[in-house]
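> Mind looking over this structure? Questions follow.
Please treat every number below as a calculation from the coordinates, not as lab data. In this text the structure is predicted, and so the values were computed from the model without any measurement. A quick note on method: Cβ atoms are made from the backbone with ideal geometry, for glycine too, and the neighbour counts reach across all protein chains shown.
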Amino acid sequence: MLQRSWNFVEIHSKVEKLRNFISDVGKNGVVVMFSGGVDSATLAKLCKDVVDDVFAVTVVSEVIPKSDVEDAKSIAEEIGVNHHILEVKLLNDENFVRNNKNRCYFCKKKMIRKVKEFAVDVGVSCIVEGTNVSELNEDRPGYRAVVEEGVYSPWVEVGATKDEIRQIAKMLGLSFHDKPPTTCLATRIPFGSVITHERLKRIEKAESILKNLNFKVVRVRDYGDVAIVEVGREERAKFFDIELMDVVSRMLKDLGYRYVTLNLEGYGRF
């Protein structure tokens, strides 16, 4: 496999620009919207380098797996930032539950407003989040909420891509630099299909089964009676094992799925 050639001068320049940006907008402290993913966690680490008061805030809801929350706690401890967990309820929001293409907009709005309440309580006016420029090429209704609510996106400000942020995390010696991407459980349910507590819990259990079978990147798409399993593209060969296929099929059917299928293309974003 060919190794990517990095322009380290450009990467270091972006890191310095980001630190300067944070120093400018975060003079009285910074609240970081902290999922525990590579983008927000690396951002929190860089904020901590230049600002005394940094609060890493993880917003949990019915669509966030418990394992993601535990990861966020562990990563915040590694970085050494003050970590706070806030809770919002999404399943009482009809705009979210009906699950149209703007679902993420309504979720992000509620999350940001909760974080803003926290920021007022701790006397900090600067809130940042981890969107990068690679993601701006995608349809991101949630980012529209970020802009509307006046939350800063420092990676966008300095033009950093997803791959560059991973490289920055590696240069900083952060253990999570190669952590697989995560998304909320609602993304497993197709648009137009109502989001329910029961479906979310079933998806979380199904993905936990696959993770316990040592799959690193896992998505279980919930189409009612049908579960479509996606794993990292480099992990697909594991399913050449007939016994493994039988185990996965049986365990997911025990959760209530009638059919268990495999996306032959795998999960291709990582």
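> Each residue of the range 172-180 in order: what ³J(HN,Hα) in whole Hz does its phi give by Karplus 6.51 cos²θ - 1.76 cosθ + 1.60, θ = phi - 60°, with x for Gly and Pro?
Karplus-based 3J(HN,Hα) across the range 172-180 equals 7, x, 7, 5, 9, 4, 10, 4, x Hz.
> Can I ask one more? Do you know the relative contact order of the range 8-171, to the nearest whole percent, from alpha carbon pairs under 8 angstrom that are 6+ apart? Mind dumping the intermediate values first?
On the way: 264 pairs, mean separation 45.1, N = 164.
Relative contact order here is 28 percent.
> Still on this structure, I have one more. According to the square roots a ≥ b ≥ c of the eigenvalues of the Cα gyration tensor, what is the shape class of the range 1-76, taking rounded for a/c under 1.5, prolate for a/b larger than b/c otherwise, and oblate for the remainder?
Values: a/c = 3.06, a/b = 1.19, b/c = 2.56.
Oblate, since a/c reaches 1.5 and b/c is not below a/b.
> Going highest first, how would you order 45-57, 152-164 by mean Cβ packing within 10 Å? Please list the in-between numbers first.
On the way: 45-57: 20.9, 152-164: 19.4.
Ranked from most to least packed, the peptides come out as 45-57, 152-164.
> Return the sequence-ordered ³J(HN,Hα) values of the range 76-91 in whole Hz as given by the Karplus equation 6.51 cos²θ - 1.76 cosθ + 1.60 applied to θ = phi - 60°, using x for Gly and Pro.
4, 5, 4, 6, x, 10, 5, 10, 10, 10, 10, 10, 10, 9, 9, 6
> For R144, R258, which order do you get if you count the other beta carbons within 10 Å of each Cβ and list the fewest first?
Least to most surrounded, the residues fall as R258, R144.
> Restricting things to alpha carbons, tell me how big the chain is in terms of Rg and Dmax, in Å.
Final numbers for Rg and Dmax: 19.3, 58 Å.
> In addition: Please report, in debye to the nearest 20, how large the charge dipole of the range 196-262 is about its Cα centre when each Lys and Arg carries +1 at its beta carbon and each Asp and Glu carries -1 there.
On the way: 14 positive and 12 negative charges, 33 e Å.
For the range 196-262, the charge dipole is close to 160 debye.
> Tell me, H12, H84 in order of fewest to most beta-carbon neighbours within 10 Å?
Lowest count first: H12, H84.
> Would you kindly derive the ³J(HN,Hα) couplings of the range 222-237 from the backbone phi angles with the Karplus curve 6.51 cos²θ - 1.76 cosθ + 1.60 (θ = phi - 60°), listing them in order in whole Hz, with x for Gly and Pro?
Computed from phi, the couplings for the range 222-237 are 9, 10, x, 6, 10, 10, 9, 8, 10, 10, x, 4, 6, 9, 4, 4 Hz.
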